1. So residue 59 ticks every box in (1) at pLDDT below 90; (2) out of contact with any helix residue (DSSP H, G or I) (no Cβ under 8 Å at 6 or more places or on another chain) but one. Which box is left unticked?
């Protein structure tokens, strides 16, 4: 080989090597991103977490409603046990 050919081939091999490394790195990164984005286990975990959070909110709201209903029942029971004071029956007016 002549020195002129080596001067051309050397940088060409270096550029191809650098290009190949860049392409391999991009492929690895893309594959990793796709794997984490499309991972059904990670997606299921997110869905489960959202569902549990929603259920906790609903249970909290139901507890508040139940507390309010208990207070109303207690109030009604107190009124019923206290009873009404007896008053003489009034005569109905005749026309």
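1. (1)
To keep it simple, each residue is scored yes or no on (1) at pLDDT 85 or above; (2) surrounded by 10 or more Cβ atoms within 10 Å (Cβ to Cβ).
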site	(1), (2)
2	no, no
9	no, yes
18	yes, yes
23	yes, yes
30	no, yes
37	no, no
48	yes, yes
54	yes, yes
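The values are calculated or read from the model by the stated rules, or taken from the named source; none is laboratory data. Note that the structure is predicted; figures quoted are calculated from it, not measured. Using ideal geometry, Cβ is built from the backbone for each residue, glycine included, and neighbour counts are taken over all protein chains shown.
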